[in-house]
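The values are calculated or read from the model by the stated rules, or taken from the named source; none is laboratory data. Treat the numbers as computed from the prediction; the structure is a model and nothing was measured. Don't worry about glycine lacking a Cβ; one is built from the backbone with ideal geometry, like all the others, and counts go over all protein chains shown. Please note that ligands, DNA and RNA were not included when accessible areas were found on the heavy atoms of the full protein model with its side chains. Shrake-Rupley method; radii C 1.70, N 1.55, O 1.52, S 1.80 Å.
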Amino acid sequence: QRLNVVNTKVNRDALLATFKETFFGNSKFGYKCRIENPDVLDFRTQGLENFPSWQFTATSYGPLVYTNKALGYRVSYTLVDFFAGYYHITYFGYPLYTDMLAEMPNEQRILKNREKAFLGSKMHFFRSLLTKTLEQEGFEVYKVDLFVKDSSDVKNYGLMEDSVFIGSPGVVMLQSDRRLDIEQYVYVNFATGIPELIINEPFEIRYTRSKEPAAYLRNPQNFNGMSTTWGAQTSIVKLKEGKLNFYPNGSVDNASTLMTIGYWSFKRMGELLPYDFKTHFP
């Protein structure tokens, strides 16, 4: 089914605003991002926003350049793929960071912002997983159960029955308080020497040293159907292919296989740091 191209200036301004909020996120840092060359972007839409049939794609005819004043970076981003639908968002590309810290008048605030963006992030988690310091760094991991919902079950499970995430219609997720030793699912590939996380079941990650901010809690769509823990940041993770390669700097191979709902889905490009950040970690 062909997507409809929208060319009018009024519609383009609205679509650019949708792209910025979707790509950067609506966190405090996401709102500080400014695109310097929006003319390289082209948008296509199908259906009506806020309805299940809605689709939104973006392509770029050159590197997308933006500044993140909150984190003090100028980024040249090669956008490979961007898709947003009613149920999920996927994007993929290659960022090249330029550190602007020396040019910024509020250096100490930016350094604190960078630390805040790092703590509890995917980068922080995978570095801690490799060094087996998850608990010391404030992470807790829990099992998530899957069960088939019968026809008499009319409860709204929200994100917990998203078939895009789960992969099976009619199957829902149920959080638990049973701890999962995720380190037991880490292996080293003997041929490549690359660490692999191999697990087919979804699991929950709680970062216990920061609470979820007001911007996250204001939009129930971020956590619809999920149980959250007071004073912690709650995310549910699934590896689409049951396996993920990751590296000491916290980066991963084929990031599209790392599917998340909850807080990690709220932290988008506006919160992303270069992988050489805090190279002395832990």
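Okay, here's what the table says:
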{"quantity": "Pairs of lysines in region 46-191 (C-alpha under 22 Å apart; 8 or more residues apart or interchain)", "calculated": "9"}
{"quantity": "Gain upon complete extension [S152, S176; 0.36 nm per residue less C-alpha separation]", "calculated": "6.4 nm"}
{"quantity": "Distance in nm between pseudo-label sites at T59 and M104 (7 Å out along the Cβ direction from Cα)", "calculated": "3.5 nm"}
{"quantity": "For the chain, Kirkwood radius (reciprocal of mean inverse C-alpha pair distance, Å)", "calculated": "20.1 Å"}
{"quantity": "Expected 222 nm ellipticity per residue - DSSP helices of 4 or more, -39500 (n - 2.57), all of the chain, to 500", "calculated": "-4500 deg cm²/dmol"}
{"quantity": "Accessible-area order (highest first, 1.4 angstrom probe) of the listed residues L129, L217", "calculated": "L217, L129"}
{"quantity": "Shape call, region 209-282: gyration tensor on alpha carbons, a/c limit 1.5", "calculated": "oblate"}
{"quantity": "Percentage relative contact order, region 124-205, counting C-alpha pairs under 8 Å, at least six apart", "calculated": "35 percent"}
{"quantity": "Accessible heavy-atom area order of F139, F223, highest first, probe of 1.4 Å", "calculated": "F223, F139"}
{"quantity": "Whole-number accessible area per residue in Å² for the chain, which is evaluated in the context of all protein chains at 1.4 Å", "calculated": "54 Å²"}
{"quantity": "Candidates G250, G62, G193, ranked by Gaussian network fluctuation over the chain, Cα under 10 Å, top entry", "calculated": "G193"}
{"quantity": "Relative contact order (%) - the chain, alpha-carbon pairs under 8 angstrom, separation at least six", "calculated": "17 percent"}
{"quantity": "Kyte-Doolittle mean at least 1.6 and Cα axial length at least 30 Å: DSSP H helices in the chain", "calculated": "none"}
{"quantity": "Reach of K32 by Cα under 17 Å, taken over aspartates and glutamates that are not fewer than 8 positions away in the same chain", "calculated": "E21, D99, E103, E107, E115, E271"}
{"quantity": "Percent carbon-and-sulfur accessible area, the chain, ignoring ligands, DNA and RNA, probe 1.4 Å", "calculated": "52 percent"}
